[in-house]
Amino acid sequence: MKIVSMLILTVVMLMPAQVWAGTAEGSQHVDERFEQAFREAERLGEQEEWGQMVQLLDELRDIPGMLESDWRRLRILYGLATWHTQLGQKQEALSCLREIVESGISRTIWPGMADQLQKQEQFEPLWEEPEFKGLMAKLTAHRRFWENPAFDTAYREDISEDEKMAGLSRLWAEVKYNFAFFHQVPEVDWDALYVAYLPKVRETKSTLEYYRLLQELCAKLRDSHTAVYLPSEVHSTVYARPAIATELVEGKVIITDVFDDTLRAEGVNPGLELVEVDGVPVHDYARQQVMPYKGLSTQQSRELFTYREVLWGAEGRAVTVGLRDERGAVLERMLPRLAASEIEGKSWKPFEFEMLDGNIAYVVLNTVADEEVVSSFDAAFEAMQQADALIIDVRQNSGGSSQIGWQLLGRVTDKPFRGHVALTRRYAPYARAHGVDPWEVETSTDGELSPDGAKVFAKPVVVLTSAFTGSAAEDFCVSFDAMGRGTIIGEPTGGSTGQPLRFKLPGGGSGRVCTIESRYPDGEEYVGVGVQPDILVRPTVADVRAGRDTVLEAAVDYLAREKAE
């Protein structure tokens, strides 16, 4: 039974990234001893040597400086609680859990600890103990203060007016006290908007209408990491789409792919221009039906997502479109809307690798949300090393974990590099009571990040970007740009990253608010702007019609010229 492995993964994955991503200066030796001890504990766990594991962690606990780090302290105490329980030593286990709760580290590092204690069977011997129930009450009381089930009501076709007003109020409060980018929308008077939307909310006749109104309100903040999400029960009314892909190219809405053979047989093919939607000129339709709900951080991201979603709507309700071919002839077609799961496009893969002409290694990195991409990169590393250059394509990467992206960057350099700078607001009620600005801005950094050391690709590197590149993928681009390791080719990125705070809303939906303002290591802003490529390359309508990947071709040509020089 590999309890140790499971515990390490569970605790670490649930910690906020900024807590465990970096190592405090001067603590490297303590960290190394800690990791060595847990590797040994994992070996003992495989052999179910609970007593030796307890002894090992007790010794680890006594090392000077070991408990100065909250995340190390949490892992040691949680491990001891687990293994004391396995040995039938209930009081010792409860003592460790009590120290976690009373120190407050469970609140700051692992707010989901109460859920895990109730789910993990190894703690079952403690569940009926009065002290365990008391500790659980303390854990859940604090969590209930911030995530109260009063807001978590079930979906109904038309929730009550009280629920609607409560949801509006929660959205207003979470944004007012947590949103990081009010300075980028100085025209937004959030309190006045709240008052203005009170009668609008009262007038809504359905839960869907209510949620669309909240989305409209939230969109005024123009931030891609701040949004309202519809209840799943109404997704089919809003998010069904025809089996085609559309993009704004050179100011025209162009079909870039068709996923249905029947549509192709009817003359609906890539390269056609979409000019009308249900009898309305496409740009007017987009402004009226899509843009009001798209709170995106930059012009490039607004254009991208607006025109990708311009034909979305109710499942089973066909949309009538006007399509213009390259000769100027216009044809009208009715396109059925389907659930996204029914549309079979190109199979999505988190990681792809191939060798291109010119001895160039080409990596398509479609996510940094899965450790699998790191193992896939490492599996292909030996082949990459035979290449003369490396292209990393993050044009279809919307993010995931910044730490995973930085792990990959650690394989293309032999020098330390830096992550982003993060600014967050802290509210001080006492200052406000004295007429002083109650907001303080706290700045933190991800510190100096280390190269992998064992794997170093030291040859030329190019990164490909688009407006879809966002969040943790954008953090990847920021660090790559700041470290001066290579060249970025393509289009500006989406200009949105950060740590969203998620919360539930009445009627089955939810919201999120961006809580940090991320910047380049030197303080330069990129949220609301985007990471700018060194070489700007935009696909043209002619490229789409010819099936050319202009950006990739530009990268290959650039590397060939660099090699020739």
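The values are calculated or read from the model by the stated rules, or taken from the named source; none is laboratory data. Here the structure is a predicted model, which means the values were calculated and not measured. Please note: Cβ atoms are built from the backbone with ideal geometry, for glycine as well, and neighbour counts cover all protein chains shown.
Data for the structure
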quantity: Residue, nearest to G530 (Cα to Cα), within the stretch 408-449, restricted to residues that are of a type in the set (F, W, Y) and touching a residue at least 24 places away in the same chain (Cβ under 8 Å); calculated: F417
quantity: Top-ranked residue in the stretch 193-208 [being assigned to a loop (DSSP other than H, G, I, E, B) and surrounded by fewer than 16 Cβ atoms within 10 Å (Cβ to Cβ); ranked as nearest to the chain's Cα centre (by Cα)]; calculated: S206
quantity: Flag for D278 being more than 21 Å from the chain's Cα centre (by Cα), charged (D, E, K, R) and either within 30 Å of E157 (Cα to Cα) or modelled with pLDDT of 95 or more (or both); calculated: yes
quantity: Residue list for the stretch 314-354, restricted to those being acidic (D, E) and over 15 Å from T246 (Cα atoms); calculated: E315, E326, E332, E342, E344, E352, E354
quantity: R324 more than 30 Å from A560 (Cβ to Cβ), in contact (Cβ under 8 Å) with a residue 12 or more places away in the chain and out of contact with any Gly (no Cβ under 8 Å at 6 or more places or on another chain); calculated: yes
quantity: Top-ranked residue of the stretch 477-502 - restricted to ones that are closer than 25 Å to A560 by Cβ and assigned to a helix (DSSP H, G or I), ranked as modelled with the lowest pLDDT; calculated: M483
quantity: Meets criteria (within 21 Å of Y526 (Cα to Cα) and in contact with a strand residue (DSSP E or B) (Cβ under 7 Å, 6 or more places away or on another chain)) for R395; calculated: yes
quantity: Close pairs from the stretch 268-287: first more than 13 Å from V321 (Cβ to Cβ) and in the same structural domain as R327 (by TED's automatic domain parsing), partner among the polar types (S, T, N, Q) and assigned to a strand (DSSP E or B), Cβ under 8 Å, at least 6 apart; calculated: P270/T256
quantity: G511 vs. criteria part of a loop (DSSP other than H, G, I, E, B) and under 25 Å from R170 (Cα atoms); calculated: no
quantity: Filter result for G26 (surrounded by fewer than 16 Cβ atoms within 10 Å (Cβ to Cβ) and modelled with pLDDT under 85); calculated: yes
quantity: Answer residue from the stretch 45-64, given it is modelled with pLDDT under 80 and under 19 Å from A93 (Cα atoms) and is surrounded by the most Cβ atoms within 10 Å (Cβ to Cβ) among those; calculated: G45
quantity: Qualifying residue in the stretch 432-455 (condition: of a type in the set (D, E) and in contact with a His (Cβ under 8 Å, 6 or more places away or on another chain)); calculated: yes
quantity: Top-ranked residue of the stretch 144-192 - restricted to ones that are outside any helix (DSSP H, G or I) and modelled with pLDDT under 95, ranked as surrounded by the fewest Cβ atoms within 10 Å (Cβ to Cβ); calculated: N148
quantity: Flag if G405 is part of a helix (DSSP H, G or I) and touching a residue at least 12 places away in the same chain (Cβ under 8 Å); calculated: yes
quantity: In the stretch 289-340, the residues that are in contact with a helix residue (DSSP H, G or I) (Cβ under 9 Å, 6 or more places away or on another chain), over 16 Å from L248 (Cβ atoms), of a type in the set (A, V, I, L, M, F, W, C) and at pLDDT 95 or above; calculated: A314, L335
quantity: Every residue from the stretch 219-256 that is on the phi > 0 side of the Ramachandran plot and acidic (D, E); calculated: E250
quantity: Among the residues listed as E42, E35, the single one being under 23 Å from W110 (Cβ atoms), loosely packed, with under 13 Cβ neighbours inside 10 Å and within 34 Å of the chain's Cα centre (by Cα); calculated: E35
